[in-house]
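Take a look at the structure below.
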Amino acid sequence: MTRRAGLDRLFLTDLPDSAGALCSSPRGERVAAATLAGSVIVLDRSTGAALRQTQGHSGGALAAAFQPSGEILATGGQDR
């Protein structure tokens, strides 16, 4: 992920595959990217650093949502 100075925007340029879904944590401190390769990456919004990455789906990951507390991230995909 690239962060451009002076802009409150995130540019996701270093994902391993195209994003099937993006979501922000309730307080906005983290961004989750669910990729079409099935991986899910949680990024720190202020630094762009990957906080966690997992290969959780055997098919593409197409949905992601944080629980209102921000502690749990649910994802959905093309698993069979």
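The values are calculated or read from the model by the stated rules, or taken from the named source; none is laboratory data. From a predicted model like this one, the values you see are computed outputs, not experimental measurements. When we count neighbours, we look across all protein chains shown, and the Cβ atoms used for this are built from the backbone with ideal geometry, even at glycine. Please note that ligands, DNA and RNA were not included when accessible areas were found on the heavy atoms of the full protein model with its side chains. Shrake-Rupley method; radii C 1.70, N 1.55, O 1.52, S 1.80 Å.
Shown is the FRET efficiency for Glu29 and Thr54, computed with R0 = 30 Å from the Cβ-Cβ distance and rounded to the nearest 0.05: 0.95. The fraction of accessible area contributed by carbon and sulfur in the stretch 26-80 is 50 percent, rounded to a whole number (1.4 Å probe; ligands and nucleic acids excluded). Solvent exposure of the chain, expressed per residue, is 62 Å² of accessible area, with all protein chains present and a 1.4 angstrom probe.
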